[in-house]
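Notes follow once the structure below has been shown.
The values are calculated or read from the model by the stated rules, or taken from the named source; none is laboratory data. Here the structure is a predicted model, which is why all the values come from computation and not from measurement. In this analysis, Cβ positions are derived from the backbone assuming ideal geometry, glycine residues included, and neighbour counts consider all displayed protein chains.
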Amino acid sequence: MFLSQENANFITTTFVKFMKDKYDQTIVLNEQYYKVLAEIMRSTHAKHASSPSINMIVITELKKHYQETKSVQLSDDDAFFNKIQQLELNRKTFTPTIESVPPPPPPPEQNTTIQSINTVYMPAPIKIGKEIKLSSWDRDWCENHERNYFSWKGSLPRFVDRTNTRVGCLICLTDILKETSIISLVIEGANEDEVSVTLIPSHSVGNYTIFRPVLESLSYLKLLALPWKVSLESGDGEKINLGVDGLCYKTVELSPDGYSTLEYRGDCGEGDSIRVYVETFKKVIATIILKKREGQIDVLGMVPDHGKILNYSRQFTVVLEMVVNDHKN
């Protein structure tokens, strides 16, 4: 739970309060701050994962970073550590109190001389969560080879709350972004407006890594005009190279044992799930790679002739959480 959004919130609250109380320094909570926080949390977790004072180590590193970047002299007395320990203790031992509910006021005396008025109550529309997936495979991959930068031409649900759309998570193969600790999801609208959300690794499921926004409050998106252009950038704003699809293959052999040998030089590995577009029949076949050799792959089933291949296992998917209002009633 150290790398959770809840703990990031606690560290931020503690650091901001102490810097204000002790040194009268106001910490600006902008995107740069959260990038620094994410980097410090990840490096500290790698070195001190088992330490019971790991939050104190993070806050100490934040204090050092602020002192170096702002050229502010901050004393290193014991009050700093004592205050952090006390705040940590308060967080762990805090028990919410339940206030007693006052009795309802007595009903007003009825005046029989006043004619009663019927009030029509109109309930608020029911809010329903809606999932929207932006997947890099959902493109014309035979023509648009690059996985990272693609156009999403889907549609948005009716009655969508345009102020309440957020990035839920990003899912991708761990090997694709294994050297990246912080990424930015960038969405460009038809009118060339652009929005972005910073993501950090949350956890792994099998061979896939789940990236989530640094904080929930920073996950909200402005809905731009469709279609959208979706891409991933590194922390310094460079497009991340996720490879390409749509490279050509040619069938070498159809084996009676139930597999096909293809001549193919694209980026792939044994066990990868692929989609094969057969040029002759104008259709897509789903299969998996059984074996890989220099310039050749064996795939499950009969894959004839020639065409192009998409590596389905190496795509990424962004899950957006939207809210729609039910107006049926």
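Taking the stated definitions as given, is residue 44 surrounded by 18 or more Cβ atoms within 10 Å (Cβ to Cβ) and either touching a residue at least 12 places away in the same chain (Cβ under 8 Å) or among the polar types (S, T, N, Q) (or both)? So that I can check it myself, show each step before the final result.
Details: surrounded by 18 or more Cβ atoms within 10 Å (Cβ to Cβ): yes; either touching a residue at least 12 places away in the same chain (Cβ under 8 Å) or among the polar types (S, T, N, Q) (or both): yes.
For residue 44, the condition - surrounded by 18 or more Cβ atoms within 10 Å (Cβ to Cβ) and either touching a residue at least 12 places away in the same chain (Cβ under 8 Å) or among the polar types (S, T, N, Q) (or both) - is met.
Suppose we filter 260, 217, 231, 202 for residues that are out of contact with any strand residue (DSSP E or B) (no Cβ under 7 Å at 6 or more places or on another chain) and of a type outside the set (A, V, I, L, M, F, W, C); which single one remains? Spell out how you get there, then give the answer.
Details: 260 fails: out of contact with any strand residue (DSSP E or B) (no Cβ under 7 Å at 6 or more places or on another chain); 231 fails: out of contact with any strand residue (DSSP E or B) (no Cβ under 7 Å at 6 or more places or on another chain); 202 fails: out of contact with any strand residue (DSSP E or B) (no Cβ under 7 Å at 6 or more places or on another chain).
Step by step, each of 260, 217, 231, 202 is checked, and only 217 is out of contact with any strand residue (DSSP E or B) (no Cβ under 7 Å at 6 or more places or on another chain) and of a type outside the set (A, V, I, L, M, F, W, C).
Can you find even one residue in segment 10-18 that is outside the structural domain of residue 184 (by TED's automatic domain parsing), closer than 15 Å to residue 65 by Cβ and not β-branched (Val, Ile, Thr)?
Within segment 10-18, one or more residues are outside the structural domain of residue 184 (by TED's automatic domain parsing), closer than 15 Å to residue 65 by Cβ and not β-branched (Val, Ile, Thr).
Residues to consider are 226, 320; find the one that is assigned by TED's automatic domain parsing to the domain that holds residue 196, more than 30 Å from residue 29 (Cα to Cα) and touching a residue at least 24 places away in the same chain (Cβ under 8 Å).
226 is the lone residue from the list that is assigned by TED's automatic domain parsing to the domain that holds residue 196, more than 30 Å from residue 29 (Cα to Cα) and touching a residue at least 24 places away in the same chain (Cβ under 8 Å).
Considering segment 19-35 alone, what residues qualify as being among the β-branched types (Val, Ile, Thr) and loosely packed, with under 15 Cβ neighbours inside 10 Å?
Matches in segment 19-35: 26, 28.
Can you tell which of 234, 260, 273 is within 30 Å of residue 167 (Cβ to Cβ), of a type in the set (Ser, Thr, Tyr), surrounded by 14 or more Cβ atoms within 10 Å (Cβ to Cβ) and not assigned by TED's automatic domain parsing to the domain that holds residue 166?
Result of the check over 234, 260, 273: 273.
For the structure I just gave you, tell me whether residue 205 is among the aliphatic types (A, V, I, L, M) and either surrounded by fewer than 17 Cβ atoms within 10 Å (Cβ to Cβ) or farther than 30 Å from residue 268 by Cβ (or both).
yes
(1) under 25 Å from residue 184 (Cβ atoms); (2) touching a residue at least 24 places away in the same chain (Cβ under 8 Å); (3) over 28 Å from the mean Cα position of the chain (by Cα): which one isn't true of residue 68, the others all being true?
It fails just one condition, (2).
Any residue in segment 214-234 that is in contact with a Phe, Trp or Tyr (Cβ under 6 Å, 6 or more places away or on another chain) and aliphatic (A, V, I, L, M)?
Taking every residue of segment 214-234 in turn, at least one turns out to be in contact with a Phe, Trp or Tyr (Cβ under 6 Å, 6 or more places away or on another chain) and aliphatic (A, V, I, L, M).
Need a quick list: strands (runs of 3 or more DSSP E) entirely within segment 260-313 having at least 3 residues that are under 32 Å from the mean Cα position of the chain (by Cα) and at negative phi. Steps first, answer last, please.
Numbers: elements: 273-278, 283-293, 296-300, 306-311.
Result: 273-278, 283-293, 306-311.
Condition check: touching a Pro at 6+ places or on another chain (Cβ under 7 Å) and modelled with pLDDT under 95. Does residue 153 satisfy that?
Considered against the rule, which asks whether it is touching a Pro at 6+ places or on another chain (Cβ under 7 Å) and modelled with pLDDT under 95, residue 153 comes out as yes.
Assuming residue 183 fulfils every condition listed in (1) under 19 Å from the mean Cα position of the chain (by Cα); (2) at positive phi apart from one, which condition is it?
(2)
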